[in-house]
Amino acid sequence: MKYVPLTEALHSYICETFPAEDEFLCRLKTEADEAGLPPIHIAPEQIAFLQVLMRSVGARRVLEIGTLAGYSAIAIARALPNDGRLLTLERNPLHAEFALRKIREAALEHVIEVRTGSAKELLGEIREEPFDAVFIDADKAGYGTYLQKALPLLRLGGLVIGDNTLAWGNIADATTEDKTVQALRRFNTAMSAHPQLQSCLVPIAEGMTIGVKIR
Ligand code: SAH
Ligand code: DHB
Ligand code: MG
């Protein structure tokens, strides 16, 4: 087998050599902890990865499903051009309010719009021009539906990105009774088999599955 298992030393090397989390985002996580939000933001090395992805497709319009404290939204927004826009959907009003406060602090309120409500409903109401990328990071049971609803909103050559697709190391367990793992397994299969997508799974952090819309 041709792969290098990730060690602490390798992980530190990657984060130190390609630093992406600045003091603002570091403090955002501390404040989110203090406010009682769950510490389930993307990992720092995923910032660099998402920013490279955004720039490589020339992303101007991005859709995020699952805002939490605004950590990934602010990270993505930083890789967009001046006229870029990020629409992020969040069910929990406390999370949405916290994120909005940090977005204002970051002076990104002209770039990032937070819509509060169930992603399934909000996705049906989107009338914006097509998106260049969609980042799916909300409830794992919803990933299949989010993929279905987001794909028509994506331009040709645009990216669908799903987080946590290694399911905390349990993704290969075909006999799992865990509903979250089952949902992520179905999502990966759907991404792989979808006729409109070319996809792969990148073993970064807790796993990211990425598809390009090819037709
Ligand atoms: N993308 C964020 C982390 C998101 S955590 C980051 O990396 O910084 C997942 C978020 O999805 C939580 O805030 C949760 O409240 C929200 N969420 C869960 N189910 C949802 C739903 N059905 N619709 C919208 N948001 C949902
Ligand atoms: C959970 C959700 C996430 O999106 C994540 O990155 C980590 C954990 C969770 O629901 O436990
Ligand atoms: Mg996640």
Extension gain Ile14-Trp168, at 0.36 nm per residue separation less the Cα-Cα distance, in nm?
53.4 nm
Distance in nm between pseudo-label sites at Val57 and Thr30 (7 Å out along the Cβ direction from Cα)
3.5
With each pseudo-label sitting 7 Å past Cα toward Cβ, what's the Arg101-Glu23 distance in nm, one decimal?
2.1
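State to the nearest 20 debye the size of the charge dipole of the chain about its Cα centre, where the only charges are +1 on K and R beta carbons and -1 on D and E beta carbons.
Working: 23 positive and 28 negative charges, 186 e Å.
With Lys and Arg at +1 and Asp and Glu at -1, about 900 debye.
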How much accessible surface area, in Å² rounded to 10, belongs to the heavy atoms of Cys26 with a 1.4 Å probe?
60
Label the stretch 1-130 by shape, choosing from rounded, prolate and oblate, from the square roots a ≥ b ≥ c of the eigenvalues of the Cα gyration tensor; if a/c is under 1.5 it is rounded, and otherwise prolate applies when a/b is larger than b/c, oblate when it is not.
prolate
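Please compute the length gained on full extension between Val212 and Val4, using 0.36 nm multiplied by the number of residues separating them and subtracting their Cα-Cα distance.
Separation in residues times 0.36 nm, less the Cα-Cα distance, equals 72.3 nm.
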Sticking to Cα atoms, compute the Rg of the stretch 8-213 to one decimal and its Dmax as the biggest Cα-Cα distance, whole number, in Å.
16.1, 48
Residue separation between Leu156 and Glu129 times 0.36 nm, minus their alpha-carbon distance, gives in nm 8.5 nm
Pairwise Lys count, the chain - Cα closer than 18 Å, eight or more residues apart or different chains:
6
In the stretch 8-213, what percent of the accessible surface is made up of carbon and sulfur (1.4 Å probe, ligands and nucleic acids excluded)?
54
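Taking a 1.4 Å probe, which of Lys149, Lys2 shows the most accessible area, and what order do the others take after it?
Working: Lys149 80, Lys2 200 Å².
Most to least solvent-accessible, the answer reads Lys2, Lys149.
The values are calculated or read from the model by the stated rules, or taken from the named source; none is laboratory data. Model, not experiment: these values are computed from the prediction. Don't worry about glycine lacking a Cβ; one is built from the backbone with ideal geometry, like all the others, and counts go over all protein chains shown. Calculation scope for accessible area: heavy atoms of the full protein, side chains included, ligands and nucleic acids excluded. Shrake-Rupley method; radii C 1.70, N 1.55, O 1.52, S 1.80 Å.
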